1. Return the residues of segment 121-135 that are farther than 19 Å from H90 by Cβ and modelled with pLDDT of 90 or more; say none if nothing qualifies.
2. Does segment 13-60 hold any residues that are more than 9 Å from ligand 1 (Cβ to nearest atom) and among the basic types (K, R), and which are they?
3. Being among the hydrophobic types (A, V, I, L, M, F, W, C) and in contact with a Lys or Arg (Cβ under 9 Å, 6 or more places away or on another chain) is the filter here; which residues of segment 87-106 pass it?
4. Take the residues in segment 345-369 that are assigned to a strand (DSSP E or B) and without any contact (Cβ under 8 Å) to a residue 60 or more places away in the chain; name whichever of them is surrounded by the most Cβ atoms within 10 Å (Cβ to Cβ).
5. Quick one: in segment 38-81, which of the residues that are part of a loop (DSSP other than H, G, I, E, B) and at positive phi is farthest from ligand 2 (Cβ to nearest atom)?
6. For segment 172-214, which positions are within 16 Å of ligand 1 (Cβ to nearest atom), surrounded by 17 or more Cβ atoms within 10 Å (Cβ to Cβ) and not hydrophobic (A, V, I, L, M, F, W, C)?
7. Would you tally the residues in segment 321-344 being touching a residue at least 24 places away in the same chain (Cβ under 8 Å) and touching a Lys or Arg at 6+ places or on another chain (Cβ under 6 Å)?
Amino acid sequence: MARITFKAVTKRYAGDVVAVRDLDLEIFDKEFVVLLGPSGCGKSTTLNMIAGLEEVTEGELWFDDEIVNTLPPHRRDVAMVFQSYALYPHKSVYENIAFGLRMRRVAAEEIDRRVRDAAAKLEISHLLQRRPSQLSGGQRQRVALGRAMVRQPAVFLMDEPLSNLDAALRISMRAEIKHLHTAMQTTFVYVTHDQAEALTLADRIVVMNDGVIQQIGAPDDIYERPRNTFVASFLGNPPINYLDGTIEGADGAVSFRRGGMRVALPPALAARLRGSPGREVKLGIRPEDVSRHGLGAETPAMEGIVDTVLPVGSDRFLGLKVEGCDVFVRVDKQAHHREGEPVRLALVPERLHVFDKASGLSLLADGAP
Ligand SMILES: Nc1ncnc2c1ncn2[C@@H]1O[C@H](COP(=O)(O)OP(=O)(O)O)[C@@H](O)[C@H]1O
Ligand SMILES: [Mg+2]
């Protein structure tokens, strides 16, 4: 059993760098939590505090019902996999995996059983006598995973474990890590700056920026209901588009307006914005939330001029000029638009995002301005 709780945790490094600020987070037993954010946002620091490799400056860190602020790393039931793998070059794969158990004086037969079991799960049984230099990047990564697995920790920590692998391998290893979580039945805390990895792996994602949590939620929740423009922009590739404009209310309807473009907002947004005509907002439109079909006189739509056409096999991306803004959308591959042509696309009203222009907060978020 391993529940990890941060209560108002701040981490300051020497020289007054605040790496993590006032972090409140509860990670549940057996959950797969991904810490996601740009480089330098405090992900590794957060993970290292769980491992006991960095001290908590202020606040409390709990494992289940125990405060662990001063508990040394070897007394925490955690195992960590690093981006660099950190394998012993002169030991065989077998000995690399067995090393942590030998240090703990586990019986030889038990070590053998666990090493072979982990190697079988990771499909590296045939590599046990090799040295790390005789392995590919992906195989080394499996050895690093094996070494953590045999420890049978209550908490499994991973810091960008796939970032040294090539793109194809990264995608297949994602599936393996997901399987590993199911098989191991332990708490996983996984750090990455790769939003696609986070969306694939996580039960819940914790989005961080500048040492501060921006949003915590299930992948769909975060993708579909981002709390602010940082989260909206960080998840999704190609990224969400923004159009600056103002709110207009007329005849009971509430619309977004920019130049000649007017988009009626769906009821939930309209209810929030009815009392604030003239308000400056950003309309957020994800590239996939447009359609060439279902265009009626009443459908919310976007008109623009085609700037670029990029076929990508499965679909087609269009770069548009819409009221002076660059907008990038995804349409089906049957679309035959040419550069310089006007285009009109239906918007999916429930999928529109509206953010306060000044604060960047979503107008549908709790505590919206
Ligand atoms: N040992 C350290 N001493 C001083 N500053 C550090 C140290 N480690 C990290 N930092 C700083 O703390 C911030 C967060 O770093 P880190 O947790 O490594 O971010 P991430 O893993 O998200 O890239 C950064 O500004 C980084 O420069
Ligand atoms: Mg890091």
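1. Applying the first criterion (farther than 19 Å from H90 by Cβ) to segment 121-135 yields 121-123, 125-126.
Passing the criteria: S125, H126.
2. Of all residues in segment 13-60, those more than 9 Å from ligand 1 (Cβ to nearest atom) come to 16, 21-34, 36, 49-53, 55-60.
Of everything in segment 13-60, those that are more than 9 Å from ligand 1 (Cβ to nearest atom) and among the basic types (K, R) turn out to be R21, K30.
3. Our first condition is that a residue be among the hydrophobic types (A, V, I, L, M, F, W, C); within segment 87-106, this holds for 87, 93, 97-99, 101, 103, 106.
Selection gives L87, V93, I97, A98, F99, L101, V106.
4. Let us first name the residues in segment 345-369 that are assigned to a strand (DSSP E or B), namely 345-347, 353-356, 361-362.
Going one step further and asking which of them are without any contact (Cβ under 8 Å) to a residue 60 or more places away in the chain, we end up with 345-346.
Working: L345: 23, A346: 17.
Across segment 345-369, the extreme among qualifying residues is L345.
5. To start, the set of residues in segment 38-81 that are part of a loop (DSSP other than H, G, I, E, B) comprises 38-42, 52-57, 64-65, 68-72, 76-77.
After this cut, where a residue has to be at positive phi as well, the list is 40, 42, 52, 64.
Numbers: G40: 8, G42: 9, G52: 17, D64: 26 Å.
Only one residue tops the list, namely D64.
6. Y190, T192, H193, D194, Q195, E197, N209, G211, Q214
7. 3
Let's see how each residue does on (1) among the small types (G, A, S); (2) at pLDDT 95 or above; (3) assigned to a loop (DSSP other than H, G, I, E, B):
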| residue | (1), (2), (3) |
| --- | --- |
| H293 | no, no, yes |
| E298 | no, no, yes |
| L310 | no, no, no |
| G319 | yes, yes, no |
| F328 | no, yes, no |
| V331 | no, no, no |
| H337 | no, no, yes |
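The values are calculated or read from the model by the stated rules, or taken from the named source; none is laboratory data. In this text the structure is predicted, and so the values were computed from the model without any measurement. All Cβ positions, even for glycine, are placed from backbone atoms using ideal geometry, and neighbour counts span all protein chains on display.
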